[in-house]
1. Where does the charge balance sit around Lys105 when Lys and Arg score +1, Asp and Glu -1, over other residues with C-beta under 14 Å from its C-beta?
2. In whole percent, how big is the carbon plus sulfur part of the accessible area of the range 32-148, probe 1.4 Å, protein atoms only?
3. What ranking do 105-114, 122-131 get when scored by the average of other Cβ atoms within 10 Å per residue, highest first?
4. Counting only heavy atoms of protein chains, what accessible area per residue, in Å², does the range 126-178 have with a probe of 1.4 Å?
5. If you count, for each residue, the other Cβ atoms within 10 Å and average over each peptide, how do 197-208, 48-59, 160-171, 142-153 line up from highest to lowest?
6. Residues with beta-carbon under 14 Å from that of His75, excluding His75: net charge, scoring Lys, Arg +1 and Asp, Glu -1?
7. Write down the Å³ per residue value for the convex hull defined by the alpha carbon atoms of the range 102-205.
8. Quick check on the range 75-128: what does the Kirkwood estimate of hydrodynamic radius come out to from the alpha carbon pairs, in Å?
Amino acid sequence: MFKKSFRLVFISFLFLSKITCAQKQTSDSSKPLITAKEMIAPGILIGTGMVFINNSTKAEQKEWHTKYLSSFRTHADDYLQFAPQATAMGLSLVGVKGKNTFVDKGGIIVLGTGIMLGTVFGLKKITNTTRPDDSSNDSFPSGHTANAFFGATVLATEYGDQSVWYTIGGYTVATATGTFRMLNNRHWLSDVLVGAGIGILSAKASYIIYPWIKKQIAPKLPSNVSFVPVYNGYAVTGNLTIGF
């Protein structure tokens, strides 16, 4: 049963990539901020995760891990969770323009990360779910997975129209992160699925909220900021000019 469920989840992640690849972002103010089509993927992930939250599925997962993967350990998930965000920001640094500037993209990531972490840790505190390895009671949902899918959604939104491989690559890394969390016996299948959905929704919420925040604070910011680096032979300094 668990192996069949795992295959179903893997197929759903591939379906998620196809859905996101097909989505086209628009700046037309007459269009809705988020469409029903964009809600399909996170809805499927969270809904499926709630189905698999039962004790029967957890018992099968634990039995499967004990039988086949009791000695499996990797720290890859600790690093992979940050790869999509790092890629989205890094592409700007090497001159590949996304839909937003480097600064705005950073603001979107900071805001979305706050939304995602607030949701994840709030649910962890409320649900008090024991991890598969019995190490703690903060299993649900998976923060690593939420972070990875948040970054993958940002990467897909910024660069998905330029190449489908940005979207596929981002969600492949995010899927690998969630998979490793289960293989490491740190999370239940339901934790990973719901975490993925939260990550996607957090990114989409950030893209809606950030422009409004920017509009509110932009008039209060200096209109002219310049920085001129200076090298005196020993160290790099600079002159910062701020005009209002």
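1. Local net charge: +1.
2. Carbon with sulfur: 66 percent of the solvent-accessible area.
3. Ranked by mean Cβ neighbours within 10 Å, highest first: 105-114, 122-131.
4. Heavy-atom SASA per residue in the range 126-178 reads 32 Å².
5. The densest-packed peptide leads the list: 142-153, 197-208, 160-171, 48-59.
6. Neighbour charge sum, excluding His75 itself: +1.
7. It comes to 83 Å³ per residue, whole-number rounded.
8. For the range 75-128, inverting the mean 1/r across all distinct Cα pairs yields 12.8 Å.
The values are calculated or read from the model by the stated rules, or taken from the named source; none is laboratory data. Not measured: the values here are computed from a predicted model. Every residue, glycine as well, gets a Cβ built from its backbone with ideal geometry; the counts of neighbours run over all protein chains shown. Quick note on the areas: whole protein, heavy atoms, side chains included, nothing else; ligands and nucleic acids left out. Shrake-Rupley method; radii C 1.70, N 1.55, O 1.52, S 1.80 Å.
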